[in-house]
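Enquirer: Let me give you the structure first, and then I'll get to my questions.
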Amino acid sequence: MAAFLLCLLLAAPVLLLVTSSPVRDSSNGTVPLVLWHGMGDSCCNPVSMGYIKKMVELEIPGIYVLSVMIGKNVVEDTENGFFSDVNEQVSTVCAQLAQDPELKGGYNAMGFSQGAQFLRAVAQRCPSPPMKNLISIGGQHQGVYGLPRCPGESSKICDMIREALNKEAYLGWFQKHLVQAQYWHDPLNDDLYKKNSRFLADINQERAVNETYKKNLQQLEKFVMVKFLQDSVVDPVDSEWFGFLKTGQSKETETLQESVLYKEDRLGLAAMDKAGKLVFLAADGDHLQFNQEWFKANLVPYLH
């Protein structure tokens, strides 16, 4: 199973490699940036997170960019994107950020795919140092109800994994050790999801309203969500804008604004929306597929 899941790597951004390494000046007044990669990736992959880091450093001279690593090396970092306790990952990152002197004045955060909802958990649970802007690139804020681009759609193993998640995603072992199960959102078993989801149901205030989560999230200056219009990985893609499937069925979706979460403002998103803090961006590509020009035009302005 581990070998199979490791094949489900998210596509890296289509970008040209940068060869130079800029020199940083920590006294130049730029806002630091924290990156969290997606499933199947690592902190320092030269064609994904490594490239993004260099591109930002060239675009904003002197900026401090931290790409978080979960584990002792890139191999462990990649494996922990599949098999680990997400709540423990968030706690680990919170400790890393609190101990980093470069971040004490605050920072911007950019999460890629599942790294986006993990960084949102950081914003809600760990307000010090303060997160200024949160940029979610293809994040699944209402979770997923499908496997990402399962190789060989007709193969028995794909069906077996789907069946396992449908039947066992909310069992103790899966919720503790399989990362994707921890943001699996089954609209056909809403009560089971709300009761047993250890990560997603908690940060989305499904069981009770944690006023601290709500207060902390509203401290963001901007919460930017990027949705990929041709996404073949995230199911449903509406989750990238905090929408999801309507409860009790698996066909029709609803927007964030149509959801109970928004109408009851359980997370403060309605108030943030009215204050102009929510930004919904669209990219005309597959999952995490964008070019350098789009990134500079649409995302770099939120990094200053």
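Every number here is computed from the coordinates shown, using simple stated rules; none is lab data. Keep in mind that this is a model prediction, so the values were computed, not measured. Every residue, glycine as well, gets a Cβ built from its backbone with ideal geometry; the counts of neighbours run over all protein chains shown.
Enquirer: Name the shape class, rounded, prolate or oblate, that the alpha-carbon gyration tensor gives for the stretch 243-303, where a ≥ b ≥ c are the square roots of its eigenvalues, rounded holds for a/c under 1.5, and otherwise prolate holds if a/b is larger than b/c and oblate otherwise.
Expert: Details: a/c = 4.17, a/b = 1.44, b/c = 2.89.
Here the stretch 243-303 falls in the oblate category.
Enquirer: Which of 169, 275, 116 moves the most in a Gaussian network model of the chain with Cα springs under 10 Å?
Expert: Largest GNM mean-square fluctuation: 275.
Enquirer: Run the numbers for residue 279 and residue 253: contour at 0.36 nm per residue of separation, minus the present Cα-Cα distance, in nm. All intermediate terms of the calculation are to be shown ahead of the outcome.
Expert: On the way: separation 26, 0.36 × 26 = 9.36 nm, distance 2.00 nm.
So the extension gain works out to 7.4 nm.
Enquirer: Also, I was wondering about something else. Under the rule that an exposed site lies in a DSSP loop and has at most 16 other Cβ atoms within 10 Å, name the longest stretch of the chain with no GluC sites (Glu not before Pro) of that kind, not counting the sites themselves.
Expert: Numbers: sites that count: 153, 221, 252, 264.
The reported range is 1-152.
Enquirer: Roughly what angle does helix 156-168 make with the longest principal axis of the chain, taking Cα atoms, 0 to 90 degrees, to the nearest 10?
Expert: Between helix and principal axis, roughly 80 degrees.
Enquirer: So, one more: Could you tell me which trypsin sites (Lys or Arg not before Pro) in the stretch 36-121 are loop residues by DSSP with no more than 10 other beta carbons within 10 angstrom of their beta carbon?
Expert: Numbers: sites: 53, 54, 72, 104, 120; in loops: 72, 104.
Filter output for the stretch 36-121: 72.
Enquirer: Evaluate the distance, in nm, between pseudo-label points positioned 7 Å from the Cα of residue 190 and of residue 215 along their respective Cα→Cβ axes.
Expert: 3.0
Enquirer: If you don't mind, there's one more thing I want to ask. Assuming R0 = 35 Å, what is the FRET efficiency of residue 166 and residue 100, from their Cβ-Cβ distance, to the nearest 0.05? Write out the running numbers ahead of the final one.
Expert: Working: r = 40 Å, r/R0 = 1.15.
Efficiency at R0 = 35 Å is approximately 0.30.
Enquirer: Classify the stretch 185-304: rounded, prolate or oblate, from the alpha-carbon gyration tensor (a ≥ b ≥ c, eigenvalue square roots; a/c under 1.5 rounded; otherwise prolate if a/b is larger than b/c)? Show your work: numbers first, answer last.
Expert: Values: a/c = 2.19, a/b = 1.27, b/c = 1.72.
Cα axes put the stretch 185-304 in the oblate bin.
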